[in-house]
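The values are calculated or read from the model by the stated rules, or taken from the named source; none is laboratory data. In this text, all values refer to a predicted model and were calculated from it rather than measured experimentally. Cβ placement follows ideal geometry from the backbone for every residue including glycine, while neighbour counts extend to all protein chains displayed. Quick note on the areas: whole protein, heavy atoms, side chains included, nothing else; ligands and nucleic acids left out. Shrake-Rupley method; radii C 1.70, N 1.55, O 1.52, S 1.80 Å.
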Amino acid sequence: MLDPKLLRTDPEAVARNLARRNFTFDINAYSHLEEMRKQFQRATEGLRNERNLKSKEVGLAKLKGQSTVQLLARMTALGAELQQAEVGYNRVQAELDKFCLNLPNLLNESVPDGSDETGNKEIRRWGELRKFDFTPRDHVDLGARDNLMDFERAAKLSGARFVVLKGALAKLHRALIQFMLDLHTREHSYEEVYVPYLVNAATLTGTGQLPKFEQDLFSVQGEQRFFLIPTAEVPVTNLARDEILEAGTLPRRYVAHTPCFRAEAGAAGKDTRGMIRQHQFEKVELVQLVKPQDSYQALEELTGHAETVLRKLDLPYRVMALCGGDIGFAAAKTYDLEVWLPSQNRYREISSCSNCTDFQARRMQARWRNPETGKPELLHTLNGSGVAVGRALIAVMENYQEQDGRIRIPEVLRPYMDGQMAI
């Protein structure tokens, strides 16, 4: 959520910034709601003051033995007027809150201009692209050998965009997860956390998925309504919701492995083959909670932590700075890591690393106590995939394939595969 003070004092600056996202901030609609809110606020405050004065007058009249009939009648009328004004205020405040909850985060000035992904800026590349002396197969064909990747049975169980992994391929998938968790906890000083996969609406509102992206979520109906998490970012970031953290405990770095569930309503017809875009997939997620002055340095470090995964797996990749028209709702700045897929002859996203500044923290009321002022201030929150497990599996399969269909196992994963050299 954006700073209400900034919205009130300089809505034009907000509109200019959000226009870089191709987002239209309706200043007139906002100003109308804000003016109505002020009117109801003034009315309620005036009525409360008058009621307090009349209450004192009643007390004085009783001390003097005077009649209080008219005063009590006026107090009754004031109570009714105040109740009506409070109902009006709450209604307008709810409309204003809904309006503001649908406003995306402000972009950092370093974010490139652009209307879509074609405006993204390449920052760097790493790794040498393998030169095949045969036509590389995609992961679907590779997984079909010995039926280790089964989409037909998954469709029977659940429908499209699901997969069943078997045998050594399922073990390789698990090995990737364990490798990433060990890397981030041992080398990058993240604390591993296990979190719920079902969360309530308040949790999703805190990180920005609700109310705007409800159509992309899977909900579960029971005694109460839950949502399946679209990413571990949601429960992990919300660990700080409604809390005030002491400065000495920052930064906080969390890593979590979870399944992720996304309806992907906006992706109809895209990546229908294979595991690229699934309703259920696994991620190892990185989350950082930091002091505001440290967040952009933290973004560079977090991105580097995700890059380390790809480097140790010896997978070629590139880092892209997302432009204003392609960046996520809650992010002020984002780097995408894109891994090379030989079958597609192009780079594909495998991680997004974002600084959300105080946008999520304001929604969650996640704060830290500034020792210089002694007062609570909003944290800055960051998140990034470290990395998406399914896409890492695809990248390993395709980059490490041999002409006979065997898949060599990267050296760093062999200890997790009981020394196995190839599938």
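Just a few scattered comments:
- Backbone HN-Hα couplings from phi across region 157-174 [Karplus 6.51/-1.76/1.60, Hz, Gly and Pro as x]: 6, 9, x, 6, 6, 9, 9, 10, 9, 10, x, 5, 6, 5, 5, 5, 4, 5
- Within the accessible area of region 170-235 (1.4 Å probe), percent carbon and sulfur: 49
- Estimated FRET transfer efficiency when R0 is 35 angstrom, pair LYS291-GLN178 (beta carbons, to 0.05): 0.65
- Residue-wise HN-Hα coupling along region 210-215, computed from phi with Karplus coefficients 6.51, -1.76, 1.60 (Hz; x: Gly, Pro): 10, x, 5, 10, 4, 5
- Label-to-label distance, LYS166 versus ASN52, with points set 7 angstrom from Cα along the beta-carbon direction: 7.5 nm.
- For the pair THR373 and THR185, the difference between a 0.36 nm per residue extended length and the Cα-Cα distance amounts to 64.4 nm.
- Each other residue within a Cβ distance under 14 Å of SER352 adds +1 if Lys or Arg and -1 if Asp or Glu, for a net charge of -2.
- Formal net charge of residues neighbouring LEU228 (Cβ-Cβ distance under 12 Å; K, R +1; D, E -1): +1
- Solvent exposure of region 17-153 amounts to 65 Å² per residue of accessible area, where only protein heavy atoms count and the probe is 1.4 Å.
- Summarised as an ellipsoid, region 323-376 has semi-axes of 36, 11, 8 Å, derived from the eigenvalues of the Cα gyration tensor scaled by 5 and square-rooted, with the largest first.
- Bridgeable lysines around LYS5 (alpha carbons under 20 Å apart, same-chain partners fewer than 8 residues away excluded): LYS38, LYS98, LYS375.
- Compared with the alpha-carbon gap, the fully stretched path from ARG318 to ARG145 is longer by 59.3 nm at 0.36 nm per residue.
- Placed amide H near CYS260: partners under 5 Å, 5+ positions off or other chain: PHE281, GLU282, LYS283
- On the beta carbon distance between ILE27 and ARG277, with R0 = 35 Å, the FRET formula returns roughly 0.40.
- Extension gain, PHE218 back to ARG124 (0.36 nm per residue minus Cα-Cα distance, nm): 30.2 nm
- Sparse packing (at most 14 other Cβ atoms within 10 Å of the Cβ) combined with a DSSP loop state is found for the following trypsin sites (Lys or Arg not before Pro) in region 227-290: LYS270, ARG273.
- With the helix formula -39500 (n - 2.57) applied to DSSP H stretches of n ≥ 4, the chain reaches a computed 222 nm mean residue ellipticity of -12500 deg cm²/dmol.
- A DSSP coil position with no more than 11 other Cβ atoms inside 10 Å describes the following GluC sites (Glu not before Pro) in region 221-295: GLU223.
- Largest to smallest accessible area among ARG311, ARG21 [probe 1.4 Å]: ARG311, ARG21
- The HN-Hα couplings worked out from phi for region 123-137 by the Karplus form 6.51 cos²θ - 1.76 cosθ + 1.60 (θ = phi - 60°) are 9, 6, 10, 9, x, 9, 6, 5, 9, 8, 9, 8, 6, x, 8 Hz, whole numbers, x standing for Gly and Pro.
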